[in-house]
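Remarks on the structure that follows.
The values are calculated or read from the model by the stated rules, or taken from the named source; none is laboratory data. What you are looking at is a predicted structure, and each value in this text was computed from that prediction instead of being measured. Counting neighbours? That spans all protein chains shown, and the Cβs are built from the backbone with ideal geometry, glycine included. These accessible areas exclude ligands, DNA and RNA; they are computed on the full protein's heavy atoms, side chains included. Shrake-Rupley method; radii C 1.70, N 1.55, O 1.52, S 1.80 Å.
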Amino acid sequence: MKNEISHAPYSIDVLLKDSVDCKYYRSIFIAGIIATGIALAMMGLPSFILWSLQPYATVIMCLLSILMGAPAWGYGIWKIREICKNSGQYKISEATLKNPHPGWRTIRFDIFSDNGNVYESGAVFENSQFSERGFDEWNNQQVLIAVDNTDGRVIVLKKK
């Protein structure tokens, strides 16, 4: 295609790992680790006072505090792995982010590719002004995208 950008085999891996989508799922992973640490500090460690009386209760409290954050960090790892696992299937092209679709905490954009295709981004942009993935930073911006030809997934790599 005319607007398709050629890339070296190793550069797509680097671009995918530094993409907006991976940064979002990495923040979910980190939030899960923080939630696990807080739960362990608030529930698990104080339960060691009961170790001599109820050792099973102490173990259960520690496991529960770990399991509370496990879905968040498990989801983050899974999504990052899904994005990066078949990097050879992606085609890189240029596009513009337009028509925001706000949600509760996140925003999706319509992605207008330079070759005429219209895609929808994942909900990886935030409503917050203080985030690097905020609405003001990305609305009507030229970006590089990676399109997976097998399942139609679109990854926003970076601003152009």
| remark: the range 1-112: helices (runs of 4 or more DSSP H) wholly inside it with 1 or more residues that are farther than 17 Å from LEU157 by Cα, among the aromatic types (Phe, Trp, Tyr) and open to solvent by 50 Å² or more (accessible area, probe 1.4 Å) are 20-39, 55-84
| request: Residue by residue through the range 125-152, note down the ones that are out of contact with any strand residue (DSSP E or B) (no Cβ under 7 Å at 6 or more places or on another chain) and either open to solvent by less than 40 Å² (accessible area, probe 1.4 Å) or modelled with pLDDT of 85 or more (or both). | output: SER131
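Condition first: over 18 Å from the mean Cα position of the chain (by Cα) and free of Cβ contacts under 8 Å to residues at least 60 places away in the same chain. Now tell me which residues in the range 64-96 satisfy that.
Those that are over 18 Å from the mean Cα position of the chain (by Cα) and free of Cβ contacts under 8 Å to residues at least 60 places away in the same chain: LEU64, SER65, ILE66, LEU67, MET68, ALA95, THR96.
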| remark: Note on GLU94: of the conditions (1) modelled with pLDDT under 85; (2) among the charged types (D, E, K, R); (3) in contact with a strand residue (DSSP E or B) (Cβ under 9 Å, 6 or more places away or on another chain), unmet is (1)
| said: When you scan the range 115-125, do you find a residue that is more than 23 Å from VAL147 (Cβ to Cβ) and touching a residue at least 12 places away in the same chain (Cβ under 8 Å), even just one? | reply: no
| field | Which listed residue, of ILE92, ILE83, ILE38, is in contact with a His (Cβ under 7 Å, 6 or more places away or on another chain) and on the phi < 0 side of the Ramachandran plot | value | ILE92
